Every structure is written in structure tokens, then in C-alpha cells.
Amino acid sequence: SFVTPNHPAISSLILKAAGKLKDLSGSSSFYAYQTGNSNDVRMQIAAVYAALHDEGIIYRGVPASYEEVGQRITLPDQVLSTKIGNCIELTLLFASVLESVGIHSGVVLQKGHAYLAVWLVDDCCQYSVCDDASFIEKKCAEGIDEMLVIECTQVTEEKTSFEDAQQIAETNLADLSKFELFIDIRRCRLERILPLP
């Protein structure tokens, strides 16, 4: 529900990402999965990463709150306006932009951390929540190439590339002792879990 693809603040970020996409591919159009080519989808994700990187967002730890379980979440539009976000907030922002352009993603939760998994093919999990890290690892494997993972906090680092962010997330995913679960946003939508108004 915290992934908000229709918020007006997301639209301005898509315009910036379209400019980045034109630089990468020669076209500013987000076709999502229409070409059937996972490399085209990867390029669209890289363009969104580049646009977020240019926003100048600063990383912060967990915001002040008084919950005993969980944490207070700053919504994607607030992250863009304040230019401050933590791992889950940046992941939700990235997921919001991707959903707005028709690309399916999900949130990977591990102990004390969150990052993004993105479908390179037009698919989703059978269930909204998956507790099997090997499912994502297999989908990300070379030769399968149906998913990729991204460490979203890297958009706050000055000299980190899209490829660096993928590598860091792959390292996180490989540590099975920290993995908790994956929430597939597309499957959630099919199950009528909708964005906050």
C-alpha cells in the first residue's frame, strides 16, 4: 500500500527518467515489457535509477518514532520533497516509479534492511509474500535473467553506478541468514491490496 504510483510527485520523476532513457537507448518511451526483451526492461530500470540518483537524496537511518514493532514510513512524495530517505523509503519510492511505468517489482526484507527486486519479464509470484530466497536467486541467475535486485540506498551515494547497486543487492541476497521475505507488488495488486489514497 505504501507504493504509490499515481501520486503527482511520481510523474515529474518519470519525466526526468525519460530523459535518462533517451540518453541510454535513443528513445524516451517507457514500453515496460512490450518488446519482450529483458535488456530493454533493464535499460528502463537503469534510467529510473539515474533519475533518482540525480535527485540528491540524502540517506538517513530510521526516523524518530515511538513504535515498539516496525517503523514510521515516509511516503515516496515526502522523500522527494525533503530529499531524505532510508532503505525502505527509497525502495518504496523506486517501486512507485517502476509501477507507474508498468514494470513489476517487489520489496525484499532482510534483518534490519530492505531493497528492491524487479521483474525483467512480465510475471509475478504465485503468492504476495515469498519466504524463499532461492526463488529470487534463481530468477536472477545468469541465463535465466527474469529478475534483478537493486540496493536502493545507493542512489544517495555520489559515485555509485546502477551496476554497483545491483552487485551490492546480489551480495545481500546471497546471505541467506539475513533474508526474511519478498513482497511481490504485482501479486498484491491482483489480490486487491491497493496504493494508499
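Taken together, Ala32, Ala47, Ala18 contain a single residue that is of a type outside the set (Lys, Arg), in contact with a helix residue (DSSP H, G or I) (Cβ under 8 Å, 6 or more places away or on another chain) and assigned to a loop (DSSP other than H, G, I, E, B), which is Ala32. A single member of Gln78, Gln71 is more than 17 Å from the chain's Cα centre (by Cα) and open to solvent by 10 Å² or more (accessible area, probe 1.4 Å), and it is Gln71. So which residues in region 85-106 are open to solvent by less than 10 Å² (accessible area, probe 1.4 Å) and outside any loop (DSSP other than H, G, I, E, B), if there are any at all? Residues satisfying the conditions are Gly85, Glu89, Leu90, Thr91, Leu93, Phe94, Ala95, Ser96, Val97, Leu98, Ser105, Gly106. Kindly evaluate Leu116 against the criterion of being assigned to a helix (DSSP H, G or I), in contact (Cβ under 8 Å) with a residue 24 or more places away in the chain, in contact with a helix residue (DSSP H, G or I) (Cβ under 6 Å, 6 or more places away or on another chain) and hydrophobic (A, V, I, L, M, F, W, C). In short, no.
For Ala117, the requirement of being open to solvent by less than 70 Å² (accessible area, probe 1.4 Å), at pLDDT 95 or above, of a type outside the set (D, E, K, R) and under 10 Å from Phe182 (Cα atoms) is met.
Among the listed residues Asp164, Asp131, identify the single one that is open to solvent by 30 Å² or more (accessible area, probe 1.4 Å) and under 17 Å from the mean Cα position of the chain (by Cα). The conditions single out Asp164.
The values are calculated or read from the model by the stated rules, or taken from the named source; none is laboratory data. Given the structure is predicted, the values throughout are model-derived calculations rather than measurements. All Cβ positions, glycine included, derive from the backbone under ideal geometry; neighbour counts span all protein chains shown. These accessible areas exclude ligands, DNA and RNA; they are computed on the full protein's heavy atoms, side chains included. Shrake-Rupley method; radii C 1.70, N 1.55, O 1.52, S 1.80 Å.
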